[in-house]
Amino acid sequence: MLTLPVPTALLKPSDDLAIAIANSVVLQTGDIVIVSSKAVATVENAYIQLDHIQPSAEAIEWSEKTRRSPAFCQAVLDETTARGGKVVGHCPGALLTELCPSGLGHGSILIADAGLDESNAPHGITVGWPIDPVTSTKKLRIALEATLQSTGNVAVIMTDSCVHPRRRGVLAFALTVSGIDPLQSEVGKLDVFGKPLHITTEAIADQLATVGNFLMGNAGQSTPAAIIRDHGLQLSAAEGWVPAIEPSEDLFRGIL
């Protein structure tokens with residue numbers, strides 16, 4: 001498998017992200033494009049101006065607990081409400097939010113600060129996900145396919161950073177996909193001793209998201225995307241949110 005970083009100039013609202021990616025790397029049929037949700041939100045001008053926000057008493061209380069600004073905490077609360085979610089925890093520096101965005105179907109997404117981030121955004125601005133991540137991912141795939149030198153297909157995985165319980169450091173996970181199945185069931189396959197697997201499902205999109213994020217970084221790399229090539233995976237017509245699970249099915253449900 002070949003993984004290629006896709007550095008670009010500093011992205012701004014109204015920039016053409018597909019053109020920026022195509023100008024950085026020559027896409028090939030079968031490529032899987034890993035793209036940051038923040039990059040997509042930036043070019044779609046999904047900025048939130050913090051100085052336009054009047055913090056509530058709840059936001060001020062969370063600010064004291066997290067040491068984030070009251071305006072940022074209010075932005076998180078507003079985004080959490082907009083994504084059908086709730087605050088379920090906190091630590092110094094962040095709120096833990098559980099989101100049920102429109103179209104997810106069932107289950108929920110656990111993520112820090114409702115996906116909002118002040119890093120890699122202009123001063124006084126916070127940026128999160130695009131307004132409609134599913135539509136944005138599909139549009140980007142179609143636009144990228146139009147840049148191919150010959151007729152063919154690519155896939156797009158939109159990602160965000162995340163953490164795992166009891167583990168230090170940032171990984172990435174897949175929010176939405178267009179053109180690739182995000183999961184691959186291993187149920188019924190045999191292990192090296194001939195025993196059948198009973199519950200294993202490979203989180204293909206999440207695994208590729210973390211591979212891409214290793215090259216993209218989270219600081220000043222200005223690398224909003226990465227290409228996964230020669231991967232041996234089948235592209236498909238799959239499109240939408242990566243399926244979530246209900247809290248009752250979650251191995252970590254007892255710690256929330």
Filter result for TRP129 (touching a residue at least 24 places away in the same chain (Cβ under 8 Å), surrounded by 17 or more Cβ atoms within 10 Å (Cβ to Cβ), in a loop (DSSP other than H, G, I, E, B) and aromatic (Phe, Trp, Tyr)): yes
Test: residue in the range 134-145 that is part of a loop (DSSP other than H, G, I, E, B), under 14 Å from the mean Cα position of the chain (by Cα) and of a type outside the set (D, E, K, R): no
Which numbered condition ALA172 misses (of (1) in contact (Cβ under 8 Å) with a residue 24 or more places away in the chain; (2) outside any helix (DSSP H, G or I); (3) touching a strand residue (DSSP E or B) at 6+ places or on another chain (Cβ under 7 Å); (4) more than 19 Å from PHE252 (Cβ to Cβ)): (4)
Residue match in the range 215-234 (condition: open to solvent by 20 Å² or more (accessible area, probe 1.4 Å), among the charged types (D, E, K, R), farther than 25 Å from ASP113 by Cα and assigned to a strand (DSSP E or B)): yes
Which numbered condition ILE245 fails, given (1) at pLDDT 95 or above; (2) surrounded by 12 or more Cβ atoms within 10 Å (Cβ to Cβ): (1)
Condition met for PHE193 (in contact (Cβ under 8 Å) with a residue 24 or more places away in the chain, loosely packed, with under 14 Cβ neighbours inside 10 Å and not polar (S, T, N, Q)): no
Condition check for SER178: surrounded by fewer than 18 Cβ atoms within 10 Å (Cβ to Cβ) and assigned to a strand (DSSP E or B): no
Checking VAL6 against (1) within 30 Å of ILE204 (Cβ to Cβ); (2) touching a residue at least 40 places away in the same chain (Cβ under 8 Å); (3) surrounded by fewer than 14 Cβ atoms within 10 Å (Cβ to Cβ), the condition it does not meet: (3)
Contacts under 8 angstrom Cβ, first residue in the range 37-54 being without any contact (Cβ under 8 Å) to a residue 40 or more places away in the chain, partner hydroxyl-bearing (Ser, Thr, Tyr), 6 or more apart: VAL43/SER14; ASN45/SER14
Matching residues, the range 165-194, being modelled with pLDDT under 95 and of a type in the set (D, E, K, R): ARG166, ARG167, ARG168, GLU186, LYS189, ASP191
Residue within the range 114-122 that is open to solvent by 20 Å² or more (accessible area, probe 1.4 Å), modelled with pLDDT of 95 or more, in a helix (DSSP H, G or I) and closer than 21 Å to VAL177 by Cα present: no
For THR80: the one exception among (1) more than 17 Å from PRO165 (Cβ to Cβ); (2) touching a residue at least 60 places away in the same chain (Cβ under 8 Å); (3) touching a strand residue (DSSP E or B) at 6+ places or on another chain (Cβ under 7 Å): (2)
Residues satisfying the stated conditions in the range 134-153, i.e. closer than 17 Å to ILE227 by Cβ and buried (at least 20 other Cβ atoms within 10 Å of the Cβ): THR137, LEU140, ARG141, LEU144
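The values are calculated or read from the model by the stated rules, or taken from the named source; none is laboratory data. Not measured: the values here are computed from a predicted model. Cβ atoms come from the backbone with ideal geometry, glycine included; neighbour counts cover every protein chain shown. Just the protein is used for accessible areas: all its heavy atoms, side chains included, with ligands, DNA and RNA removed. Shrake-Rupley method; radii C 1.70, N 1.55, O 1.52, S 1.80 Å.
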